[in-house]
Every structure is written in C-alpha cells, then in structure tokens.
Amino acid sequence: MAAHMGHRLRRGATTSVVMAAAVAALAASQAPEMVQPPVDNAGGDHAVGAGDTTPASGDGSATGNSPYYTELPTLNSPNKPGATANLPVIAGPAEAGIPASVYSAYKRAELSIRSTDPGCNLPWQLLAGIGKVESGQAGGGAVDANGTASPPIIGPALNGVGFAKITDTDGGAYDGDKVHDRAVGPMQFIPSTWATWGQDANSDGKKDPNNIYDAAQAAGLYLCANDRNLALKADLDQAILSYNHSQEYLNTVLSWVAFYERGTHQVPDGTGVLPVHRSDNGNRNTGSHPTTPPPAVPTVPAPKPGNPTPKPSETHPGTVKPPTVPTKPPVTPPVTPPALPAAAKVSRLAIVANEKLTTTTGSAFTGAPRVAALDAAGKPVAGVSIRFEIVGTTDTRFAAGGTTATVTTGSTGLATSPALRAGEKTGSFTVRATVVRRTLAPADFAATVTERQADTLTRVAGDPLSATTGSPFAQQLQVKATDKGALAPGVLVTAVIVSSKTDPKESTEGPTFKSADGTPVRTVTLKTGTNGLLTFASGDLLAGDKAGTFYLQLTAPGGGTTFVDLTVTAAATPEPTPDPEPTPAPTPSGSGTPEATPSAGASPSA
C-alpha cells in the first residue's frame, strides 16, 4: 500500500456520526507559527508520531486477512431486523472495560499522531475497536510492565488453507515460522507489513509487534496512510478494510468503535473480557494466545531399578542428551514507558477570568489574561508552555516590548500573561493564548484602548488676552485639565478659534495659531503635560488683521470644555505730516545786483 506520510495538505474535514465525539474533543485551530512536534523519547531526539514512516511498498492488508473475533457488543436498541451492525449499541460494564496498559497505549497513539498529522483525525476508539476483534485487547490485557504480550500472540500459519497464502518473509524472526508468515501481536501485523510500519513508541530500542505501545502506534500510522481523513465515513471504511478486507470485519469493528464512543473505563491488566468466537470457527493454534509449538524433545529410556544411571555415551552411542528446559522463563526487568510530554496531556485551555481588558492610551492594563491547561479529566497540567500573542492593529505591547510571550504553567496548571501597556493608538484587539506544539482551540481575550479623558478644563490665570491687529498675544495662557477631581495628564485637547460661544464654529477671520511650518491655522490639537496643564506661550497666538472679540474654545474627551476671550484692537493710525514751505528760486543777474524798476511818471534821464 503506497502512502505519503509526514505533514500533508488535507481535504476538508466533515464530522461523521462515528467520529463526532473524538473530533469535537480534539478540534484544532490554526497555529500562530510553525513549531516542532513534541518529543516521545527521554533524550528528546525523536518526534512523537514521526517514527519510521516509510510508505508500504506492497498491496494487501495489515493482517493478511487473518481470522478475527466476531463477537459483537451486547445489543439493546430499537433497531429493525436487518439493520447494519454499526448502529449505536449498548453493552454491559464488563465489556466496556479496557485493560489499563492497552487503554494507555491507544490514547497515547492518538495524541502522538494527532500532533504530527492532525488532518487524519484518528480517534483512539478506532484502535480499540481493531484491538478488540484482533486479539481481545491483547488477550484481556495479558502484558508485562513494559506493555509486551506475555505469552506472545501469534496467529495461524497463512498457508492458503482457509486463509491467504503468504510465504515466510522474516525468517521466523517475529512469528517463529520459517515456512509461512503469521499475524503477530495485539494488533496482528504480518511480518512484511511490520517491516514497513513497525514503531518503537516506548523508546526501549526495539520495534516489537507484541508490544502494545509499538503496535498501537504502528496501527494508527497505517490507518492514516494515503492522506485519509478518518472523520469522513468513506475514508474511515477504506482504512478499516485496508486492515482486513472483509465487509463483516468492517461491520464488527464499527460496532465496537460506536460502543467505545458511548463510554468505557479501565480495568486492571489481565482482567479484560476474553472473546471466544472467531471468523475461522476458533481454529487457531492455542486459543486467545496462540504460539508456535515447542520442538519435540527426544525420549530417553529410563534406567532399570538398582542400576546407576548410565551416561548417554555409554549405553546409547550417538544419542544426544535432550536440552534442559527451565522451569521458569527468564524475567525481563520491567521498563516503564517514558512519560508523555506535558503539552500532549492537555485537552483544552480554560479561560480563568474573562473580564474585558480596558485602559487608556499610554497606560498599563490593570488585569492580564490567565488560562488553565486541563487534561481530558479536567485536571490541571503543569509544565505546559503557553504562548500569548497580541493580535490586531494596535501598538499595545507586553512589558518586555514584544507582541508575543511564552509562559509555563505552574503546579495548578495556570499561566498568566506578562503585563500589557497601551500605546497611543485607540481601538480593540485580541490577546490569544495557545499551547505550544499543539493545535488545540485557542483562548481569546478582548482588549480595548480608549482616549484619556478630562471632565473639567479650567483657566489658571485670569488675565485677559488682548493684542492689536498684526501682533502676537503677549500674555501666557495656562489651562488645567482634571478628571473626577484628579489631574489629567496626557489628554488630547482640541483648540479652535471661534467668533461665537453659542455657535462655536471655526472662525474665518481673526486670530490664528502659529503652526510648525509657519502656516496660519485656527484649529490645533494639544496634549496636557504630566502636571495636567496646557500652556500657550507668548507668541503662540497671533492677533490677525481683524479687530473684534473672538474666543478660544478648548474641549477634551470626557466632556471638559472652556472658552477664553480674545480681544483684538485696531492698531493706532499715525497723524499725517505737513508739507514743508517752498524755497524761492534764485533770480539771475549779470552783475548780481537787481536793477530798480523805474516808477511811473518818472522822466528818463538824459
């Protein structure tokens, strides 16, 4: 079976009835950034679920269509005769019990594979359904402390007599048969399939099909092959049929999947319910734990009474002494499977306090987002890395100045984000909390930044402001901003030149403000200082060229407002200067002495 493993682009997931509970419990959201998967190894060098994911090269099923247990859960439903076997079922508490180690292996495989291939939507109930019909949950949980079936679970020889014919592929390494292959372990893998999909899920250095942790991990990867989305009914059926190509097998597995989805519980290892009826009418080597028969031991004649026991070489030349069979099998020291990473234990993030985060520009938020990391039982999980991220258009930052921060949960499972401080931008945004290296639904907190406010604006000095046309106002003007009686620093105050207090519209003539670029304007926005004062220095206001009474209107967010009178008088007109007396023009003369003009009647001289 060809498969493309690793991170894959998935088809859209459609929730089916069979998988609804599992998908809802582990629904994922888009992670804010690419992160490495959690590790499943004490040394931290193997990614959970990554393992050996070389795609299979052959066709056929994982089990070689070996026989399986056909018993169904106890039915107690109004289903009509002829209804399919995968309808909802109800069974007694004994059948609902799953041995503790087996249950742990199924849950661990689900978490592992969902961390590396979330699009597959693998539910642990599917592994439990297959484990039930393949081996009766590892023979009722007959496993050692390391999770290895004891004795090994080995199916009948696939010799073509009633089963498929598969000649030996492993030299008897897994099944003890050098002629034909046999299905091996709690999940009944044939050696050729195990050679491709085998896993070392408990990090003991071995890929053992008889180990329930290794086998459950391998089965999950096998079922997710070929980009399957097990939340889709068609992909789910195809995955089960790839395990054992039989419609009866499909119906039987689905009935157990639906049964386990309705509820289950753990029972001690070795106390699970053992099924009896199998698809080959029980024709298996040795019941629920078939093993390869031991080789026959040659019979040695017993010595006659009264005679010493002869040595084999003396009485029976050529006879080989039979090997000594130990009375007890060697005891393998128990190996405790490594603990799951803390992040893999988290089932959801709970918001501890969801009060709305609100502050004013340039101020610190009084509260901080806080979440609790909880497991499937609702218990807190310590040591989980929680990533807080500021999402949206805002200049609000965490205390260290960044937009992201990572916090580790304490013994109570709680994580609180660093302090938040608003910038100068108003508006709403979101603080999002996610579990690092998981795709669980995030916890979102709404936050808002509003303008600083002042409900009162008061002029500090009472001196009137006056100037003559064409001159600046020489007096200094100070206005105090308060909010609920306290000084209000950092408040943006709007200043407008108006010609009427009853109809305060920007005036088209009269005084102006001196802007930074020298352009005269009649509306500006100013910010109060740390002492709550707004100061207009001498020369900030120009009288303009229009005489009259005008007003400076000041308003602030929060309702504060006041008017300041501006009086502009016309400059004095200078008196006109009289013209000077004209200077007489000189009279021309030859000798320079004017001649006397003779009087009338005078007699001319001789």
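Here are a few things to note about the model shown:
- Separation between Cα centres of the range 347-425 and the range 101-179, rounded to whole Å: 43 Å
- Proximal charge balance of VAL391 [Cβ under 9 Å; K/R count +1, D/E count -1]: -1
- For the range 342-448, convex hull of alpha carbons as volume per residue, Å³: 86 Å³
- Computed over the range 57-267, the percent of Cα pairs more than 32 Å apart is 12.
- Long pairs among LYS107/LYS132; LYS425/LYS514; LYS233/LYS345; LYS501/LYS546; LYS107/LYS379; LYS107/LYS345, criterion Cα-Cα beyond 22 Å: LYS425/LYS514; LYS233/LYS345
- Under 5 Å between amide hydrogens, built in the peptide plane, is the criterion, and for VAL143 it picks out SER150, GLY270 among residues at least 5 positions away or on other chains.
- Local electrostatic count at VAL493 - Lys and Arg +1, Asp and Glu -1, tallied over other residues with Cβ under 14 Å: 0
- Cut-off 15 Å, label 7 Å out along Cα→Cβ of THR430, residues of the range 377-406 by amide N: 388-394
Read-outs: derived from the displayed coordinates by stated rules, not from any lab. Just so we're clear, the structure is a prediction, and the values are computed from it rather than from any experiment. Backbone-built Cβ (ideal geometry, glycine too); neighbour counts: all protein chains shown.
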